[in-house]
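**Student:** What follows is a structure written as structure tokens; I'll ask about it next.
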Amino acid sequence: MASPPEGVEPAVIHAWSAPRSLSTSLMYSFSERDDMDVLDEPLYANFLRVTGVDRPYRQELLSKMDPDGNKVVKEVIFGPGEKAYRYCKHIAKQRLPNLTGDLMKKGKHFILIRNPMNILPSFDKVVPPSFLELGVAELVAIYSELCELGSPPPVIDADDLRRDPEAVLSGLCEDLGIPFQPQMLKYADGKLAQGNFDGIWAPWWYESVHTSTGFSKSRRYPMTFPFAFYDLLEQSLPFYNMLKRQVRRTTGSLLPPPPDPPLPVPENKKILVWVGDELLPRDSARVSVFDSVVQGGDAVWEGLRIYDGKVFKLEEHLDRLFDSTKAMAFSNVPSRDWIKDAIFKTLNANGMFNNAHIRLTLTRGKKVTSGMSPAFNLYGCVLIVLAEWKPPVYDNSHGIKLVTATTRRNSPNSVDSKIHHNNLINNILAKIEGNLAQAEDAIMLDQDGFVSETNATNIFMVKKGIVLTPHADYCLPGITRATVMDLVVKENLVLHERRISLSEFHAADEVWTTGTMGEITPVVMIDGREIGDGKIGPVTRQIQSAYKVLTAGLGVPIPRNAEA
């Protein structure tokens, strides 16, 4: 690209980073371009003057660099030049409130990040590390301000840059709207280059860069972390992780990064989840690796559905939750009122008052060390309230297909299904069989070969006008199941609860499944056999209608703040 005429303002590229983030190596990389001049931290003197921060080179720097930040912005950063582009290496903490808004509004910006885990081991060679010195919070503020200005900046990670410099630099150049030049992958020995543009602080900070000529591979194993900085690591990681989610993904090639997988309900991309005793954004809602649910699936759960501002069968679900905690010998279980309050807070915060579903989980809690024994659980239980926008998960208008799994339902001799626990491997194995058969779910038999339930729901059948459902010996005695059994009687139908063989289901006139997630779901085919005439039967429709009336009228109202 031809150089602009003398006196023409170059297009400015602002590189924002924290210290020890390969920012100097990246500056050297851009300096190798034939269309680029570079500035090394042009706002450093303004930073020292305004903040009063001490440095070994403070007086020398203030005497040789202009400490008037706004003058530097106008005359140096955006001043005339001889090259088409000007690269400005900025340290995030040097962006101070006294600077003109033009700094952020003009030019093209990008952000370079690095995991504080890799910064802190070598940070204190010059100055003691602190949250302010790291500058990760200021990087987030810069990213947010640029987004508000309508120009979300590219974000690159130093570890990716080391792993695949060509892919990262090519992608960055594309995002900045400039051509990639291969000479960016190697740069002159810093000892030769420093006389051109290094700041006077280079002898204190740039020693390792001055012995390099490119982006070296990361160490295979990390340095031992200085645990005196453990608290600082905890403080800074959330800011790094927020920016990490914005990083342009590279896989070693220049192919476009894969898109995020689509969500069944896109509105659930931004939800608030209750974990422990607080509400957190979806991507921040996590439990400890020491939690029992991670260590051994040691938790109990319930599914709740929201209709017209009410939680359906809330008390019944909480009854079963507490029964499960008693059977599992949980300690320090939260009170019923506390759990209900967490549910209501979650629903209010998300504005979910209809057509929503809650996955309510109570873990035995965090352990003091990894291991199986509940004696290690000394912190108390952890509550998770995961509320999502979620219509019924099955096609209740046309029906679904089922296959029979070879995986048998748990016997009370092993794990009693009346405990609504999170250890769902038994059900998941059956679900895998259903997926492979391209069926919506799989029927699970008991140890004697009789039908128990599906991998996710209870099951009913109709034969000659009589409604039948298996005993709840090997299956979960579902709350929707119990509700439907009551409805069958109220609708003046005959109900039998007994052992039912698979061949009886194959020959049934009608079949449906029940569950909070799916409500009343017609089954039109089992193992390739049409149920009845392959259409939704009259008894199924009758129960669906009765259930719809019931859900519209019953439920615990969700309390809300009074309108102002």
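The values are calculated or read from the model by the stated rules, or taken from the named source; none is laboratory data. Because the structure is a prediction, the values reported are computed rather than measured. Every residue, glycine as well, gets a Cβ built from its backbone with ideal geometry; the counts of neighbours run over all protein chains shown. All accessible areas refer to the heavy atoms of the entire protein, side chains included, with ligands and DNA or RNA removed. Shrake-Rupley method; radii C 1.70, N 1.55, O 1.52, S 1.80 Å.
**Student:** Can you name the condition, by its number, that D486 falls short on among (1) without any contact (Cβ under 8 Å) to a residue 24 or more places away in the chain; (2) assigned to a loop (DSSP other than H, G, I, E, B)?
**Tutor:** Condition not satisfied by D486: (2).
**Student:** Follow-up question, since we're still on this one. Just checking, how many residues over the range 359-394 are of a type in the set (S, T, N, Q) and surrounded by 22 or more Cβ atoms within 10 Å (Cβ to Cβ)? Break it down into steps so the answer makes sense when it comes.
**Tutor:** Residues of the range 359-394 that are of a type in the set (S, T, N, Q), as a first pass: 361, 363, 369-370, 373, 377.
Among the residues that remain, those that are also surrounded by 22 or more Cβ atoms within 10 Å (Cβ to Cβ) are: 363, 377.
Number of matching residues: 2.
**Student:** Of all residues in the range 62-81 being in contact with a Lys or Arg (Cβ under 7 Å, 6 or more places away or on another chain) and either assigned to a helix (DSSP H, G or I) or free of Cβ contacts under 8 Å to residues at least 24 places away in the same chain (or both), which is nearest to A11 (Cα to Cα)?
**Tutor:** P67
**Student:** Would you point out which residue out of D441, D448, D509 is open to solvent by 50 Å² or more (accessible area, probe 1.4 Å), touching a Gly at 6+ places or on another chain (Cβ under 6 Å) and in the same structural domain as A546 (by the TED database)?
**Tutor:** So the residue among D441, D448, D509 that is open to solvent by 50 Å² or more (accessible area, probe 1.4 Å), touching a Gly at 6+ places or on another chain (Cβ under 6 Å) and in the same structural domain as A546 (by the TED database) is D509.
**Student:** Condition first: open to solvent by 70 Å² or more (accessible area, probe 1.4 Å) and not in a loop (DSSP other than H, G, I, E, B). Now tell me which residues in the range 217-238 satisfy that.
**Tutor:** Within the range 217-238, F227, A228, Y230, D231, E234, Q235, P238 meet the criteria.
**Student:** Now, a different point. Just the residues that are over 15 Å from G309 (Cβ atoms), free of Cβ contacts under 8 Å to residues at least 40 places away in the same chain and not polar (S, T, N, Q), please, taken from the range 350-378.
**Tutor:** The answer is A375, F376, L378.
**Student:** In the range 513-564, which residues are open to solvent by less than 30 Å² (accessible area, probe 1.4 Å) and hydroxyl-bearing (S, T, Y)?
**Tutor:** Of everything in the range 513-564, those that are open to solvent by less than 30 Å² (accessible area, probe 1.4 Å) and hydroxyl-bearing (S, T, Y) turn out to be T513, T514, T516, T521, T540, Y547, T551.
**Student:** Restricting the search to the range 454-482, which residues are crowded, with 21+ Cβ neighbours inside 10 Å, of a type outside the set (A, V, I, L, M) and not in a loop (DSSP other than H, G, I, E, B)?
**Tutor:** T454, N458, F460, T469, T480, R481
**Student:** Which of the residues spanning the range 36-48 are under 30 Å from I178 (Cβ atoms), out of contact with any Cys (no Cβ under 7 Å at 6 or more places or on another chain) and open to solvent by less than 40 Å² (accessible area, probe 1.4 Å)?
**Tutor:** M36, V38, D40, E41, L43, Y44, A45, N46, F47, listed by residue number.
**Student:** Sticking with this structure for a sec: Are there any pairs with C-beta distances below 8 angstrom linking a residue in the range 327-349 that is on the phi > 0 side of the Ramachandran plot to a residue that is open to solvent by less than 20 Å² (accessible area, probe 1.4 Å), with the two at least 6 apart or on different chains, and if so which?
**Tutor:** Partner pairs satisfying both residue conditions: N332/G365; N332/G380.
**Student:** Can you tell me which residues in the range 395-423 are open to solvent by less than 40 Å² (accessible area, probe 1.4 Å), closer than 30 Å to A285 by Cα and not in a strand (DSSP E or B)?
**Tutor:** Of everything in the range 395-423, those that are open to solvent by less than 40 Å² (accessible area, probe 1.4 Å), closer than 30 Å to A285 by Cα and not in a strand (DSSP E or B) turn out to be S417, I419, H420, N422.
**Student:** If E148 satisfies every condition in (1) within 28 Å of the chain's Cα centre (by Cα); (2) crowded, with 21+ Cβ neighbours inside 10 Å but one, which is the exception?
**Tutor:** Among (1) within 28 Å of the chain's Cα centre (by Cα); (2) crowded, with 21+ Cβ neighbours inside 10 Å, the lone unmet condition for E148 is (2).
**Student:** Additional query: When the range 92-124 is examined, which residues are found to be assigned to a loop (DSSP other than H, G, I, E, B), open to solvent by less than 40 Å² (accessible area, probe 1.4 Å) and of a type in the set (S, T, N, Q)?
**Tutor:** Selection gives N115 alone.
**Student:** So is E433 part of a strand (DSSP E or B) and either touching a residue at least 24 places away in the same chain (Cβ under 8 Å) or surrounded by 14 or more Cβ atoms within 10 Å (Cβ to Cβ) (or both) or not?
**Tutor:** Values: part of a strand (DSSP E or B): no; either touching a residue at least 24 places away in the same chain (Cβ under 8 Å) or surrounded by 14 or more Cβ atoms within 10 Å (Cβ to Cβ) (or both): yes.
So E433 does not fit the description; no.
**Student:** Pairs under 6 Å by beta carbon, first residue at positive phi in the range 27-53, partner charged (D, E, K, R), six or more apart or different chains?
**Tutor:** Within 6 Å, the pairs are E41/K89.
**Student:** Okay, moving on. Assuming S17 fulfils every condition listed in (1) surrounded by fewer than 22 Cβ atoms within 10 Å (Cβ to Cβ); (2) out of contact with any Phe, Trp or Tyr (no Cβ under 7 Å at 6 or more places or on another chain) apart from one, which condition is it?
**Tutor:** Of everything listed in (1) surrounded by fewer than 22 Cβ atoms within 10 Å (Cβ to Cβ); (2) out of contact with any Phe, Trp or Tyr (no Cβ under 7 Å at 6 or more places or on another chain), S17 misses just condition (1).
**Student:** Would you please name the residue that is nearest to I520 (Cα to Cα), looking only at residues in the range 394-418 that are modelled with pLDDT of 95 or more and aliphatic (A, V, I, L, M)?
**Tutor:** The extreme case among them is I400.
**Student:** Then there is this: Write out, first by first residue and then by second, each pair whose Cβ atoms fall under 7 Å of each other, whose residues are 6+ apart or on separate chains, and whose first residue, in the range 210-234, is more than 12 Å from D159 (Cα to Cα) while the second is part of a loop (DSSP other than H, G, I, E, B) and among the hydroxyl-bearing types (S, T, Y).
**Tutor:** Listed by first residue and then by second, the contacts come to T213/Y187; G214/Y187.
**Student:** For the range 49-80, what are the residues that are more than 39 Å from the chain's Cα centre (by Cα), more than 17 Å from P203 (Cα to Cα) and open to solvent by less than 10 Å² (accessible area, probe 1.4 Å)?
**Tutor:** G69, V72, G79
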